[in-house]
Amino acid sequence: MSRPLLPLSGFRAFEAAARHLSFARAADELRVTPAAISHQVRTLEDYLGVPLFRRSGRRVLLTEAGQILLPDLRRSFDLMEAAMGQVKRLAAGGILTVSMSPSFAAKWLMPRIEHFRTRHPDIDLRIDADVRLVNFSANEVDIVIRYGPGSYPGLKSVLLFEEELFPVCSPRLLSGAVPLRSITDLRQHTLLHDETINFAGPIPSWRVWLQTVGLEQAVDLNRGLRFNSSVTATQAAVDGHGVLLGRSLIVADDLSAGRLVRPFAESCPAGFGYYLVYPPQVASRANVHAFVDWIIEEAAGEGNGGEG
């Protein structure tokens with residue numbers, strides 16, 4: 001059965017005009033004249049047999065028919081955009097693009113990436129080290145790893161790691177001029193503040209940890225060095241510039257190597273975790289399936305992981 005010939009240019013003009021509630025702004029977006037937008041919308045209205053816009057002074061508003069049409073039309077455009085994005089990635093040679101924060105890329109993935117490359121030498125990875133919100137089709141991203149609460153509607157989400165917070169410092173601070181023997185000794189040391197921001201909210205702070213141990217008033221939290229990068233903050237701790245409230249995943253390798261130590265045993269949950277997130281429709285792709293299986297296995301081997 002053949003499909004009817006749809007006024008596709010009319011749909012495009014209608015969607016832009018409905019989004020802006022302006023024929024002029026729709027014309028600017030689509031690089032045509034307002035008269036062309038008006039003509040294309042009128043053609044669509046003639047096809048449907050109902051008006052889609054009504055005028056109110058200088059503004060245009062959606063009619064009831066326009067309000068019914070717009071949501072499904074937007075979903076249709078989103079599906080087409082997603083399909084075209086997949087085709088573009090296929091045409092690019094099957095490169096798998098994984099988006100993650102710079103700190104996760106540097107401190108966790110890079111030390112382990114050779115494990116994946118050894119197992120799957122035929123898969124080319126592109127690491128997109130960024131924390132911006134991702135439109136999977138528009139940004140041509142296949143998988144994201146995000147630090148947050150784990151709620152990602154419409155997407156597959158797998159918990160890789162939960163995180164704890166605890167102080168860390170260079171070993172030489174333990175036996176320096178002012179040894180770190182008790183939490184109140186922090187008064188005599190520089191506090192390193194990780195002020196990294198992600199789209200789920202700010203990274204938990206020194207105040208959170210001190211509240212947990214019941215000593216919020218014991219240390220002046222207004223002083224110290226501040227960083228907008230977890231990697232830079234961690235390196236400052238390694239170099240002995242102060243005491244950092246470490247994030248368990250980010251500081252794990254430096255602790256194992258002895259570059260950092262924990263002066264106190266007390267820790268608290270961060271409230272966020274690292275989640276593997278991707279659209280369900282890409283799960284059947286061989287390179288996506290391979291990466292998902294590998295990273296879940298790698299994370300589970302370090303004592304974490306689970307469905308979200």
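The sole residue among Glu302, Glu297, Glu266, Glu307 that is at pLDDT 90 or above and within 30 Å of Pro121 (Cβ to Cβ) is Glu297. Within segment 95-120, residues that are open to solvent by less than 70 Å² (accessible area, probe 1.4 Å) have Cβ atoms under 6 Å from residues that are assigned to a helix (DSSP H, G or I) and polar (S, T, N, Q) in these pairs: Leu96/Asn287; Ser103/Ser230, counting only partners at least 6 apart in sequence or on another chain.
If the condition is being open to solvent by 70 Å² or more (accessible area, probe 1.4 Å) and in contact with a helix residue (DSSP H, G or I) (Cβ under 9 Å, 6 or more places away or on another chain), then segment 10-27 contributes Arg12, Arg19, Arg25.
Looking at the structure I just gave you, is Val32 in contact with a Leu (Cβ under 9 Å, 6 or more places away or on another chain), surrounded by 13 or more Cβ atoms within 10 Å (Cβ to Cβ), outside any helix (DSSP H, G or I) and free of Cβ contacts under 8 Å to residues at least 60 places away in the same chain? In short, no. Within segment 47-61, the residues that satisfy the criterion of being open to solvent by 30 Å² or more (accessible area, probe 1.4 Å) and more than 23 Å from Leu5 (Cα to Cα) are Arg54, Arg55, Ser56, Gly57, Arg58, Arg59, Leu61. Sub-7 Å Cβ pairs linking a first residue in segment 134-157 that is closer than 17 Å to Gly271 by Cα and surrounded by 15 or more Cβ atoms within 10 Å (Cβ to Cβ) to a second residue that is modelled with pLDDT of 85 or more and β-branched (Val, Ile, Thr), at least 6 apart or interchain, are Ile145/Val98; Arg146/Val277; Tyr152/Val277; Ser157/Val277, ordered by first then second residue. Count of segment 80-99 residues, restricted to those that are assigned to a helix (DSSP H, G or I) and either touching a Leu at 6+ places or on another chain (Cβ under 7 Å) or modelled with pLDDT of 60 or more (or both), is 9. Restricting segment 106-137 to residues that are at pLDDT below 90 and in contact with an Asp or Glu (Cβ under 7 Å, 6 or more places away or on another chain), the residue that is nearest to Asn287 (Cα to Cα) is Ser137.
The values are calculated or read from the model by the stated rules, or taken from the named source; none is laboratory data. All values reported here derive from a predicted model rather than from experimental measurement. When we count neighbours, we look across all protein chains shown, and the Cβ atoms used for this are built from the backbone with ideal geometry, even at glycine. For the accessible areas, the whole protein counts, side chains as well, though only heavy atoms, and no ligand, DNA or RNA atoms are used. Shrake-Rupley method; radii C 1.70, N 1.55, O 1.52, S 1.80 Å.
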